[in-house]
Amino acid sequence: MEGNKRKDFPDTLEKYIKTYQSYLEKVRKKTYKHFPEETNMIVEFINNWIDIVPVGKEWEKYIHSLPGVLFFCLWKMSNWIGYEILSGKYFEAFRNCRFVFEASILSVIMEDAIESRIYEKWKSLSAFDLKCEIFRLWEELRDKGVYKRKENRKKKIRRFVEEYISKSNLLEEKKKEYLEVYCSILCNERLGYTTPKMIEECKRFLPIEEKEQLLKGTWKILNKYAHFTYIFCDIVLDNPEFVFIETMNADIFKKCFRAYFTTIDLFYCVLCWRFPKVKERIKDKIISWWNKNFSLHLELTERVIKSGKNEARNS
């Protein structure tokens, strides 16, 4: 008897998933009807990756960059976020958009902090394993609260890095060299910034001066909907059905879609800054078509294409 129950469990699960999917399908159809242009934009975001993704061995030029790795991951994530928004899974979509938004801003700051120092030292760009190592050390330092106070920050970072490097298999001469490089990167003041402060810093690299408040506002909305705040409680009070099953809500859909739109626009902007070839593809294959067919324009992306401001070093 016990064996039969275990055997039947996958079938029961599949039946439940099919039933649940039927509810989500109803939400999507209602969304298509009420928001046809927004729906087409979400689908077009998915289509855009086909036009701009690197082909053949070209991917090797992107894989050692933080924005580059995020670039490949976004094909999968953009599919899923679009599905969530259209299916009424707004809170899940807000959380995933928050990841993309934060990663876009952080990748610019971290990429420049690492590459500017590495290039100064070795006249070349760093491999991805080095970036991952520094990223890991940075997160450990942040978890220890080192970046919260400027007092003795450099000394604490140096002691931390010394302990880490001492455990490596590097030759003593190399240990000293890497110690100085890692310390200089991790002591970079920008790595202690909050995300809003990083948005301000990104103005050095991206032509987003007039859009600073839009980006900060989007970040604020993403945080409010991604965390357990009064907003969630208010929505449940007004729409108790959210507790039980997904349903279309016009107001939340508009906010979610707009946050998603700004997030993708920001990420395209970062890609154009980091990768000249992607910039050309977006310019040739996306912008003009998008402007002819949709009322919303990719303003951040257009700005970086027109300005050519502070393009990052080629990988």
Listed residues Cys202, Thr263, Leu298: farthest to the positive end of the dipole of the chain (Cβ charges): Cys202
Could you give the length gained on full extension between Glu60 and Val43, defined as 0.36 nm per residue of separation minus the Cα-Cα distance, in nm? 3.4 nm
Do the alpha carbons of any pairs in Lys144/Lys174; Lys18/Lys89; Lys33/Lys89; Lys148/Lys174; Lys148/Lys197 sit beyond 19 Å of each other, and which pairs? Lys144/Lys174; Lys148/Lys174
Note, Leu70: beta-carbon cut-off 13 Å, +1 each Lys/Arg, -1 each Asp/Glu, net +1
Report the charge-dipole magnitude of the chain in Debye, nearest 20, computed about the Cα centre from +1 at each Lys and Arg Cβ and -1 at each Asp and Glu Cβ. 540 debye
Could you tally the net charge around Glu25, taking each other residue with its Cβ under 12 Å from the Cβ of Glu25, Lys/Arg +1 and Asp/Glu -1? +4
For segment 27-307, with the dipole built from +1 on Lys and Arg beta-carbon atoms and -1 on Asp and Glu ones, taken about the Cα centre, which of Ser168, Ser104, Thr218 lies farthest toward the positive end? Ser168
Karplus 3J(HN,Hα) series, Hz, for segment 57-67 with 6.51 cos²θ - 1.76 cosθ + 1.60 (x for Gly, Pro): 7, 4, 4, 4, 6, 9, 5, 9, 10, 4, x
For every other residue with a beta carbon closer than 15 angstrom to the beta carbon of Trp80, add +1 if it is Lys or Arg and -1 if Asp or Glu, then tell me the sum. +2
Hey, rough spin-label estimate for Lys121 and Trp80, points 7 angstrom out along Cα→Cβ, what's it come to in nanometres? 3.4 nm
State, to one decimal in nm, how far the label point of Glu210 lies from the label point of Lys167, with both points 7 Å from Cα in the Cβ direction. 5.1 nm
Calculated from backbone phi, Karplus (6.51, -1.76, 1.60) coupling profile of segment 298-307 in Hz, x at Gly/Pro: 7, 5, 5, 5, 4, 4, 6, 5, 6, 7
Among [x] 200; [y] 139; [z] 151, the entry derived from the coordinates for volume of the Cα convex hull per residue in Å³: [x]
Can you tell which of Leu271, Leu298, Leu214 shows the greatest fluctuation in a Gaussian network model of the chain with Cα springs below 10 Å? Leu214
GNM on the chain, C-alpha springs below 10 Å: top fluctuator among Asn293, Asn152, Asn188? Asn152
Set the Förster distance to 35 Å, then compute FRET efficiency between Asp129 and Lys203 from the Cβ-Cβ distance, nearest 0.05. 0.70
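Just so you know, all these numbers are worked out from the coordinates, no wet-lab data involved. Just so it is clear, the structure is predicted and the values come from calculations on it, not from any experiment. Backbone-built Cβ (ideal geometry, glycine too); neighbour counts: all protein chains shown.
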